[in-house]
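To keep things clear, I will list the structure first and then write my remarks on it.
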Number of protein chains: 2
Amino acid sequence: MKIGELSKKSGCSIQTIRYYEREGLLLNPNRSEGNFRLYDSKALKQLEFVKHCRSLDISLNDIKRLIELKNKPEESCSSVNALIDQQLALVNKRMKELRALKAELQQMASACGSNNTIEACGIIKSLDS
Amino acid sequence: MKIGELSKKSGCSIQTIRYYEREGLLLNPNRSEGNFRLYDSKALKQLEFVKHCRSLDISLNDIKRLIELKNKPEESCSSVNALIDQQLALVNKRMKELRALKAELQQMASACGSNNTIEACGIIKSLDS
DNA sequence: ATTTGATTCTATAGTTACTATAGAGTCTGT
DNA sequence: ACAGACTCTATAGTAACTATAGAATCAAAT
């Protein structure tokens, strides 16, 4: 299949697919006579792997590492575990930040009845302090 | 004061301060004979306002709008309220995403006892599906 | 008066993960 | 033979910074 079809099947945009290729996340595909990229179902699987990782917010760099690891099936998977744990820690950290952020935003929102002038606005006041 | 002092007092890096200036978030400061930026306490307050907004993850563009609004003290503050509400909605959305993400990561982490080969690794398996 | 070290200046490039565009070439259907 | 759809490469843009190079300026010590 050509890149358009791969794009539809995978849900990744054509540019994203070409970008992943440039970044070394996808193997260089065979080309047609006219230099069009030609993919098989294995390539689609590779791309779906990348997409799944991205949906977990794993960085392209880490995905690259995961792919390398996948190609060494006999080795220990402890680095894989470490990577996921690290990802979890990152998510936890961001959630904590967001909770604090939400609390302050809510407090600010309640500090202004919305029918004030800007001069009297509780939100602007709290941002100023 | 010069930019180094402003940087220390505000906690923003020198480059960030210059960047904010370029982006129109800070007024162009006076310059010394040797062309060094010279700031007063008002400039520090401006910068602290920006920093506070950034800590709430408000975009530079929105901060610019807030600054414009601040300069019209007699107008209604409803746009300020709308902006904060929108920011809250954004935070809520991201929190929801993160919760889903965390759940999947946790499930994955528990799918592998960490002492497997990569071939048998539950994490890689679940990423592959 | 000079020199050293710290600070500042501008302009430019790099970061992440894409998205968008221009301009050219290729393929398919009529 | 030609229109329209698809693809190609190369390049620039996005957000919010951070980092660098190379030059100029300043303050303090000699």
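Key figures for this structure:
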read-out: Matching residues in segment A:64-78 - criterion: being within 20 Å of the chain's Cα centre (by Cα) and loosely packed, with under 14 Cβ neighbours inside 10 Å; value: A:68
read-out: Flag for residue A:33 being part of a loop (DSSP other than H, G, I, E, B) and of a type in the set (Asp, Glu); value: yes
read-out: For residue A:27: the one exception among (1) within 11 Å of DNA strand C (Cβ to nearest atom); (2) outside any helix (DSSP H, G or I); (3) open to solvent by 70 Å² or more (accessible area, probe 1.4 Å); (4) in contact with a helix residue (DSSP H, G or I) (Cβ under 9 Å, 6 or more places away or on another chain); value: (1)
read-out: Subset of segment A:30-43 (residues that are open to solvent by 70 Å² or more (accessible area, probe 1.4 Å) and either away from DNA strand C (no atom under 11 Å from the Cβ) or among the basic types (Lys, Arg) (or both)); value: A:30, A:31, A:40, A:41, A:42
read-out: Matching residues in segment B:44-59 - criterion: being open to solvent by less than 50 Å² (accessible area, probe 1.4 Å) and either within 12 Å of DNA strand C (Cβ to nearest atom) or in contact with a Cys (Cβ under 7 Å, 6 or more places away or on another chain) (or both); value: B:47
read-out: Segment B:60-75, residues that are within 12 Å of chain A (Cβ to nearest Cβ) and among the hydrophobic types (A, V, I, L, M, F, W, C); value: B:63, B:66, B:67, B:69
read-out: Single condition residue B:91 does not satisfy, out of (1) surrounded by fewer than 18 Cβ atoms within 10 Å (Cβ to Cβ); (2) assigned to a helix (DSSP H, G or I); (3) not polar (S, T, N, Q); value: (1)
read-out: Residues of segment A:95-128 satisfying the condition of being facing chain B (nearest Cβ under 8 Å), part of a loop (DSSP other than H, G, I, E, B) and open to solvent by 60 Å² or more (accessible area, probe 1.4 Å); value: A:115
read-out: In segment A:1-18, the residues that are in a helix (DSSP H, G or I) and either touching a strand residue (DSSP E or B) at 6+ places or on another chain (Cβ under 9 Å) or within 8 Å of DNA strand D (Cβ to nearest atom) (or both); value: A:3, A:4, A:5, A:6, A:7, A:14, A:15, A:17, A:18
read-out: Odd one out for residue B:8 among (1) free of Cβ contacts under 8 Å to residues at least 12 places away in the same chain; (2) under 20 Å from the mean Cα position of the chain (by Cα); (3) away from DNA strand C (no atom under 16 Å from the Cβ); value: (3)
read-out: Among residues of segment B:19-63, those that are more than 8 Å from DNA strand D (Cβ to nearest atom), over 13 Å from the mean Cα position of the chain (by Cα), without any contact (Cβ under 8 Å) to a residue 24 or more places away in the chain and closer than 25 Å to residue A:105 by Cβ, counted; value: 2
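The values are calculated or read from the model by the stated rules, or taken from the named source; none is laboratory data. Here the structure is a predicted model, which is why all the values come from computation and not from measurement. For neighbour counting, all protein chains shown are included, and Cβ atoms are generated from backbone atoms with ideal geometry for every residue, glycine included. To get the accessible areas, we keep the full protein, side chains included, count just its heavy atoms, and leave off ligands, DNA and RNA. Shrake-Rupley method; radii C 1.70, N 1.55, O 1.52, S 1.80 Å.
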